[in-house]
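The values are calculated or read from the model by the stated rules, or taken from the named source; none is laboratory data. A quick note: this is a predicted structure, and the numbers were derived from the prediction, not measured. All Cβ positions, even for glycine, are placed from backbone atoms using ideal geometry, and neighbour counts span all protein chains on display.
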Amino acid sequence: MTISFGFAQQKVVADKIVGIVGDKIILKSEILIANDDIQRQGGQPMDNCSLLDQMLTQKALVMQAEKDSIPVTEEDIEAEIDQRIRYFISQYGSREALEQISGRTVYQIKEDFRQPIREQRLAAGMRNKIVEGIKITPTEVKEYYEKIPKDNLHFYESELQIAQIILYPKASRDIEVLAIDELNDFKKQVEAGTKKFETLATLYTDDPGSKNKGGMYEVNKNDKQWDPTWFNAIWRLKEGQISPVIKSKMGYHIVQLVSRNGDDAVVRHILRIPQVTETEIGETVAKLDTIRSQLMSGALGFGEAVARYSDDDNAKFTAGRLLARDGSTYLTIEELDKDMVLLLKNENLKPGQYSKPTPYTDERGRKGVRLVELVSQSEPHRENLKDDYNKIAQKATEEKKMDVLQKWFQSKIPTYYVMIDSEFKDCANISKWKSATTASN
């Protein structure tokens, strides 16, 4: 079920109860708001019958979860609320903009989220309990595949699995000192009142993510994605204070604490990335070339090389594999950056081969050198058991789980008090609920 953003508190004309499961009610406004949320997030609107079915299903799962004492901690709920608030702040640009658009304070929005998120987690926990232990056999996968009409078999474009080792050349000490001196000069100008921090950030920061916002970020003390050295410095500052020069994995910074409200803070920073020369890039290429020789001779495994040498911390959790938008390791050409596409084309790599170390510029404007392995590459093809067994097995497993859930509902629905408003009496997809309806308007 889609969870409302909290703009849900707008007035809804002639609101009414349209569904009840046990002691859980569903309002007409909830259906309208859910559809608004879907469209706000770029999705296609759903019909009201389908949304009511989803909501009735979730309420039933929540009731059973409460009865079975499915664990949901307040810490988990609070963490998800904070994550959603940070997402919306990033979408609307600031905490103030979010509050202005929603017509509610961030505290009120958080409270709007609390019960829906609790119910969503309870329902998910109950669903997992119902289908835990569901396995699929090769015979069942084959039977599932053979039931798919040939015209409905998915067509897959070419997919690639790619792994990489990234090294960032280190600038000379003289260049690092120049960056530090620049930042110290910026700090003095702001403290003397001759320049504004946001003006200097817009002009000089090397951080593209905040350049157009005067170096500003809104952060929460529970955030995990920031560089720890940079992040920890924030919470030692007083409002308006500027930090000394800080060294992070990205480069050198000064940070200004604009405001703080509990665990939330607004900060500005200026990042200077010491520029590397062709000399440092050449040294890094030579180092990666040595690693490539070890890989090709079998003296070193790729995953081991990533763990030992790569400067990309995220890659160490995936053995250097790039991840697709859906979280898998299979990517289409469209999901690769243009430099990677050019590299693969120029090197004409075959599966199992390694590229030459290649200089490139990452998405943050940082110069690096990478060595790429083409792990696998599939040809465009129609879905089949040989090439797509794991994907087919996953879909077969989900279908089996849905069958188990349907049987569970068939046994449980008659035990619930159910009410469905007469407005929805012609909805075919809630027929399973109608048989248990004990009252209707």
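Out of the residues in region 353-370 that are touching a Leu at 6+ places or on another chain (Cβ under 7 Å) and not polar (S, T, N, Q), state the one that is surrounded by the most Cβ atoms within 10 Å (Cβ to Cβ).
Kept after step one, since they are touching a Leu at 6+ places or on another chain (Cβ under 7 Å), are these residues of region 353-370: 353-355, 357-358, 368-369.
After this cut, where a residue has to be not polar (S, T, N, Q) as well, the list is 354, 357, 368-369.
Numbers: Y354: 21, P357: 21, G368: 19, V369: 25.
The qualifying residue surrounded by the most Cβ atoms within 10 Å (Cβ to Cβ) is V369.
Consider K350 carefully, then state whether it is charged (D, E, K, R) and touching a residue at least 12 places away in the same chain (Cβ under 8 Å). Show your work before the answer.
On the way: charged (D, E, K, R): yes; touching a residue at least 12 places away in the same chain (Cβ under 8 Å): yes.
Yes; evaluated as a whole, the condition is true for this residue.
Before we move on, is I165 assigned by TED's automatic domain parsing to the domain that holds M340 and of a type in the set (V, I, T)?
Working: assigned by TED's automatic domain parsing to the domain that holds M340: yes; of a type in the set (V, I, T): yes.
In short, yes.
For region 319-337, how many residues are of a type in the set (S, T, Y) and either free of Cβ contacts under 8 Å to residues at least 40 places away in the same chain or surrounded by fewer than 17 Cβ atoms within 10 Å (Cβ to Cβ) (or both)?
Applying the first criterion (of a type in the set (S, T, Y)) to region 319-337 yields 328-330, 332.
Among the residues that remain, those that are also either free of Cβ contacts under 8 Å to residues at least 40 places away in the same chain or surrounded by fewer than 17 Cβ atoms within 10 Å (Cβ to Cβ) (or both) are: 328, 332.
Number of matching residues: 2.
For a quick check of your reading of the model, give me the residue pairs whose first member lies in region 250-279 and is without any contact (Cβ under 8 Å) to a residue 40 or more places away in the chain, whose second is of a type in the set (S, T, Y), with beta-carbon atoms closer than 7 Å and at least 6 apart or on different chains.
Matching pairs, first to second residue: V255/S243.
Given the criteria touching a Phe, Trp or Tyr at 6+ places or on another chain (Cβ under 7 Å) and over 25 Å from K224 (Cβ atoms), does E119 qualify?
Working: touching a Phe, Trp or Tyr at 6+ places or on another chain (Cβ under 7 Å): no; over 25 Å from K224 (Cβ atoms): yes.
In short, no.
Of the residues that sit in region 132-154 and are of a type in the set (V, I, T) and surrounded by fewer than 17 Cβ atoms within 10 Å (Cβ to Cβ), which one is nearest to I70 (Cα to Cα)?
First pass over region 132-154, keeping only residues of a type in the set (V, I, T): 134, 136-137, 139, 141, 148.
Pick out the ones that are also surrounded by fewer than 17 Cβ atoms within 10 Å (Cβ to Cβ) and you get 134, 137, 139, 148.
Numbers: I134: 19, T137: 29, T139: 34, I148: 36 Å.
Restricting to residues being of a type in the set (V, I, T) and surrounded by fewer than 17 Cβ atoms within 10 Å (Cβ to Cβ), the top hit is I134.
Mind checking which residues of region 183-219 are in contact with a Leu (Cβ under 8 Å, 6 or more places away or on another chain), within 25 Å of Q91 (Cβ to Cβ) and in a helix (DSSP H, G or I)?
Answer for region 183-219, where residues must be in contact with a Leu (Cβ under 8 Å, 6 or more places away or on another chain), within 25 Å of Q91 (Cβ to Cβ) and in a helix (DSSP H, G or I): there is none.
Looking at (1) farther than 21 Å from D421 by Cβ; (2) among the acidic types (D, E); (3) modelled with pLDDT under 90, which is the only condition E30 fails?
Checking E30 against (1) farther than 21 Å from D421 by Cβ; (2) among the acidic types (D, E); (3) modelled with pLDDT under 90, the one that fails is (1).
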